[in-house]
Amino acid sequence: MAVDQAPNFLIVQKNYLIKKPDWSGSMDLGLSSSTGTSRALNLNTDDELLWYFALWSNQSTLLSNYATFRGEVSADRLDASNETRYDIALQQYLFANLNYHSNNFDGWASRKTSPFQLYMIKYNHLKEMGYDR
């Protein structure tokens with residue numbers, strides 16, 4: 001079965017289109033460690049991945065922070081999220097969002113949310129906002 005490939009464009013202005021990249025992402029990693037009289041360890045990451053395919057797009061993020069000082073954990077956090085979006089029409093889309101949050105220092109073991117929503121953006125022309133070009 002063939003997949004209907006819709007153009008993958010981002011509208012910047014009226015009558016001006018640019019092609020969206022097929023995917024993009026970033027990854028930040030951090031590590032520091034010290035030994036001796038004050039043993040400390042810090043691990044951090046902040047990652048993001050975004051991809052487009054026809055009318056679909058997906059954005060995933062991961063944030064983690066872990067720290068110890070003299071054998072005691074002082075930070076232990078993990079945040080992960082994923083949002084999948086389907087474009088219905090120009091400036092109208094349907095999306096599902098899944099989130100996971102775990103932090104041993106904020107009062108609960110973990111929190112998970114998964115809203116499913118239809119989101120519509122209204123487009124205002126510059127004339128309607130009181131600007132004439």
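Rule-based calculations on the coordinates, nothing more; no lab input. Note that the coordinates shown come from a computational prediction; the quantities given were computed from them, not determined experimentally. With ideal geometry, Cβ positions are generated from the backbone for all residues, glycine too; neighbour counts draw on all protein chains shown.
The residues packed around MET27, meaning those with a beta-carbon under 14 Å from its beta-carbon, carry a net charge of -4 if Lys and Arg are +1 and Asp and Glu are -1. A simple rule links phi to the HN-Hα coupling: the Karplus curve 6.51 cos²θ - 1.76 cosθ + 1.60 with θ = phi - 60°, which for region 86-98 gives 10, 7, 8, 8, 4, 6, 9, 8, 10, 9, 10, 10, 10 Hz, with x for Gly and Pro. For ALA67, neighbours were defined as the other residues whose beta-carbon sits under 13 Å from its Cβ, and their charges (Lys and Arg +1, Asp and Glu -1) total +1. Each label was represented as a point 7 Å from its Cα along the Cα-to-Cβ direction; for THR68 and GLN91 these points are 5.4 nm apart.
For ASP46, the shell of other residues with beta-carbons less than 13 Å away shows a net charge of -3, using +1 for Lys and Arg and -1 for Asp and Glu.
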